[in-house]
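Notes to accompany the following structure.
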Amino acid sequence: MGSLQTSIGMRSTSMLETSCGYLLQELQARMIWNEVGEDQFEREKVLLDLEQECLEVYRRKVDAANISRARLHQELAEAEAEFTHLLLSLGERSLPGRPEKMAGTLKEQLDSITPALREMRLRKEDRVNQFRAVQEQIQKISAEIAGQTECKDSLTNIIVNENDLSLKKLEEFQNELQRLHNEKNERLERVENYIDAVHHLSAILGMDYSTIITSVHPSLNELCGISKNISNSILAKLNSTVESLEEEKQKRLEKLHHLGKALTNLWNLMDTPYEDRRLFTHVTVLLSVSSAEVSDPGSLSQNIILQAEAEVERLDQLKASKMKELFLKKQNELEETCNQSHMEIPSRAKMDNIINLINSGEIDHADLLVSMDEQISRAREEAYSRKTIMEKVEKWVLACDEERWLEEYSRDENRYSVSRGAHKNLRRAERARVTVNKIPVLVDLLIARTKCWEEERKKVFLYDEVPLLAMLEDYNVLMQEREKEKQRQREKKKVQTQVVVQQENLFGPRPGTSSRRLSDRSFNVGLTNAMPLNRRVSLGIQQLRSNSINSTTQAISIIKEGRKAQGNKMYLRPGLTSQLKDETASVVSTFSGPLSP
């Protein structure tokens, strides 16, 4: 380059020295001006003009060179600025292969930066395409999430910010794209779950799945062949649809529960055969099933509910015709429960009045059955509370029977004779004595438990419409009088024996008839002298004895009947326990019957 400039400069100097100098000398000295005879002034003027024209030419050349140099400086500066901008926009510090400091002429510097600039431009174009592709995907998925199915026009208007094309910014867009992909997949999964739930519920309820899902949005139906709408509004509609189907499922199940219970009650009331029940087992099997456990297709369809309602209505009509029979059955069940526990049975007049109302149709059958069921339930509950006391009462009655048998066995003069079965009677007598000895403790225990029951229930414990506590107290009074009577009998017998011995010592033995007469007279005299202070109780005991029936069980029956004759109003009033005790003697004297000696 330097040799080229040197040759150009030498050439210009030599040309100036030869051509221009020669021509100028020729013009000045001898050739042209001399011949023409030009004066000196004109000659100076021409030379000055020549100098000016030469200066203008040189100046234009210099200006052109300066302009070219300035243009090269500008191009180099613009190239370096663009290169720097591309580095900044791409987020890179430097380009491998490009020297950090450039040397040489402007053209050399420009030529050295041009390849690097070209490569950076290619990198920028590639990076812009990457940004555009990512942003297109972001915009497309965002449109799908927003529910905008048509987004082609908006995709063509994507603007890439060329001032920030760094990998960090690209990574941010890619992360956003990945997040949108995840959200899209999540929404698609939720939509599929909702669709499956709608399909499952519609199958259980017997509804048309296609109609339901298309009413939410046509894209959800796979037959439409378009991508599913996954917007928030569609998700909300799907959620509300599933919730409404769940509510409908719960309502239908509750309705079938009600119908199933009604069917079961009606079947049990009317003793419906198994063949008729089997037709509706698909309804009754749902009684023990929750809503989440129902999954069989068509198990909650409207047709099943209509069939169950029709069957309940038919059974209701049939029940109305058999209401009297059902009521009598419930009445017998109530009476049986009361009889088993010796409780008070509802009055017959009241039951007859209910039957008359049934015949006239002036009573609600359902309410009547419910009322009867409640009475039976209360009766069973009270029977259960009386169970322990009733078991003790049964033991008491059985013990009294054993006592009666033991008294009869004791009066048998041949009980010790050698006969068939005598040893069995002897063993039974031993067991009976053990049982009879426990009667006082058993009666005391019954009195204590009966009092606790009455205090807890705030009512009188009735045994066959008679206060049990009064019966037990009457029984204690009778047993005391009985013991006194036995003592008097023993004393009377002792006196009779002494009288007979004295007479035999004085007068000798008497015939058997006279002895018998004396015994009878002495018995009557002794009994007359043994009259107790409580006259009514003593009279009752004499009357019991005069009938020659010796049974403690019959004495209990007499006490019970006497209490019934007094009426139920007295013992149903609170605070009458003391009055019942005071009336014991008069009740005993009212009924005549035997008492064991």
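A cut-off of 5 Å between modelled amide H atoms, ignoring neighbours fewer than 5 places along the same chain, links residue 91 with 165.
Count the net charge of all other residues whose Cβ sits under 12 Å from the Cβ of residue 44, scoring Lys and Arg as +1 and Asp and Glu as -1.
Working: positive: 43, 45; negative: 38, 39, 42, 49, 51.
Once all neighbours under 12 Å are counted, the net charge is -3.
Computed from phi, the 3J(HN,Hα) profile of the stretch 196-213 under the Karplus parametrisation 6.51, -1.76, 1.60 (θ = phi - 60°) reads 4, 5, 4, 4, 5, 5, 5, 5, 5, 7, x, 9, 7, 5, 4, 5, 5, 6 Hz, with x in place of Gly and Pro.
Local charge sum around residue 295 (other residues, Cβ-Cβ under 15 Å, Lys/Arg +1, Asp/Glu -1)? Could the numbers behind the result be given before it?
Numbers: positive: 249, 252; negative: 196, 246, 293, 296.
Net of charged neighbours comes to -2.
Scanning residues 5 or more positions from residue 464 or on other chains, those with amide H under 5 Å from its amide H are 343, with H placed 1.01 Å from N in the peptide plane.
The fraction of Cα-Cα pairs per 5 angstrom bin, counted from 0 for the stretch 39-96, comes to 4, 15, 11, 10, 8, 9, 7, 7, 6, 5, 5, 4, 3, 3, 1, 0 percent, rounded to whole percents.
Based on Cα contacts under 8 Å between residues 6+ apart, the stretch 235-302 shows a relative contact order of 42 percent. Rounded to whole numbers, the Karplus 3J(HN,Hα) couplings from phi for the stretch 333-344 are 5, 5, 5, 5, 4, 5, 5, 4, 9, 6, 9, 6 Hz, using 6.51 cos²θ - 1.76 cosθ + 1.60 with θ = phi - 60°, and x at Gly and Pro. Phi-derived couplings, Karplus 6.51 cos²θ - 1.76 cosθ + 1.60 at θ = phi - 60°, listed residue by residue for the stretch 475-490: 5, 4, 4, 5, 5, 5, 5, 5, 5, 4, 5, 4, 4, 5, 5, 5 Hz, with x used for Gly and Pro.
Find the accessible area per residue for the stretch 205-323; the probe is 1.4 Å, ligands and nucleic acids are left out, and the unit is Å².
On the way: 6580 Å² over 119 residues.
I get 55 Å² per residue for the stretch 205-323.
The values are calculated or read from the model by the stated rules, or taken from the named source; none is laboratory data. Please read these numbers as outputs of a predicted model, since none were measured by experiment. Backbone-built Cβ (ideal geometry, glycine too); neighbour counts: all protein chains shown. The accessibility values were calculated without ligands, DNA or RNA, using every heavy atom of the protein model including side chains. Shrake-Rupley method; radii C 1.70, N 1.55, O 1.52, S 1.80 Å.
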